[in-house]
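Read through the structure below, which is laid out as structure tokens, and then see the notes.
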Amino acid sequence: MEYHEEDMAGMHYRQFCTPDFASSRDYERFWQDLRAGKSFQDKIQRMTRSGKLVRLEATYMPVLDDAGNVHAVLKAATDITRREDEMTKLSDSVQNMSEDLLKRAEDGMTKSREITENSQQVVTEANNNLAILESLEQQREAWKKGQSSSGIFYKKAADQYPCFFICEK
């Protein structure tokens with residue numbers, strides 16, 4: 001806390017607290033409970049002599065006199081600032097990874113939808129091409145049987161490339 005024992009003599013407890021806590025109802029309730037003999041244990045924030053924020057895991061225990069009145073308050077605390085800072089960094093890192101994974105998943109879903117739409121379009125076009133080929137085949141057969149005086153038919157040319165011919169009988 002950056003104080004020497006002799007520096008703290010006569011200091012008011014508020015001087016170790018953050019300004020927000022020192023002026024809050026929680027601060028008043030904290031002292032009311034201690035004066036009533038109730039112990040307190042929690043993670044707390046306090047200020048060092050230079051104004052740096054320190055996090056403590058603290059236990060406050062009222063000391064009672066023979067009549068059962070609070071005579072003093074004993075405080076035992078451990079500085080957990082470094083541990084809490086590391087936990088905050090770790091939590092932030094996990095949060096960032098989570099957000100990155102969510103974005104990647106959303107991008108993957110978008111790409112998957114695009115692929116599905118493109119696949120559906122290819123299937124539709126393939127079905128249309130099959131229908132055209134069936135129609136052409138029917139026309140060629142009708143023309144071969146003499147049922148049609150004109151038509152379009154498909155024939156493999158000598159060079160093995162497919163060709164479509166429009167013929168008149």
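The figures follow:
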| read-out | value |
| --- | --- |
| Verdict on GLU86 being of a type outside the set (S, T, N, Q), over 30 Å from ILE44 (Cα atoms) and modelled with pLDDT of 95 or more | no |
| Selection within region 51-71 - aliphatic (A, V, I, L, M) and either loosely packed, with under 10 Cβ neighbours inside 10 Å or in contact with a helix residue (DSSP H, G or I) (Cβ under 7 Å, 6 or more places away or on another chain) (or both) | VAL54, ALA67, VAL70 |
| Residue within region 97-116 that is within 18 Å of TRP31 (Cβ to Cβ), of a type outside the set (Phe, Trp, Tyr) and surrounded by 10 or more Cβ atoms within 10 Å (Cβ to Cβ) present | no |
| Condition met for LEU74 (outside any helix (DSSP H, G or I) and modelled with pLDDT of 90 or more) | yes |
| Yes/no for VAL94 being among the hydrophobic types (A, V, I, L, M, F, W, C) and under 29 Å from ILE44 (Cα atoms) | yes |
| Residue within region 142-155 that is within 25 Å of ASP26 (Cα to Cα), free of Cβ contacts under 8 Å to residues at least 60 places away in the same chain and surrounded by 12 or more Cβ atoms within 10 Å (Cβ to Cβ) present | no |
| Residue check, LEU130 over 30 Å from LYS43 (Cβ atoms) and either among the aliphatic types (A, V, I, L, M) or free of Cβ contacts under 8 Å to residues at least 40 places away in the same chain (or both) | yes |
| Matching residues, region 30-50, being more than 18 Å from VAL63 (Cα to Cα) and surrounded by fewer than 13 Cβ atoms within 10 Å (Cβ to Cβ) | ASP42, LYS43, SER50 |
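The values are calculated or read from the model by the stated rules, or taken from the named source; none is laboratory data. For clarity, every value in this text was computed on a predicted model and none was experimentally measured. Cβ: placed from backbone, ideal geometry, glycine included. Neighbour counts: every protein chain shown.
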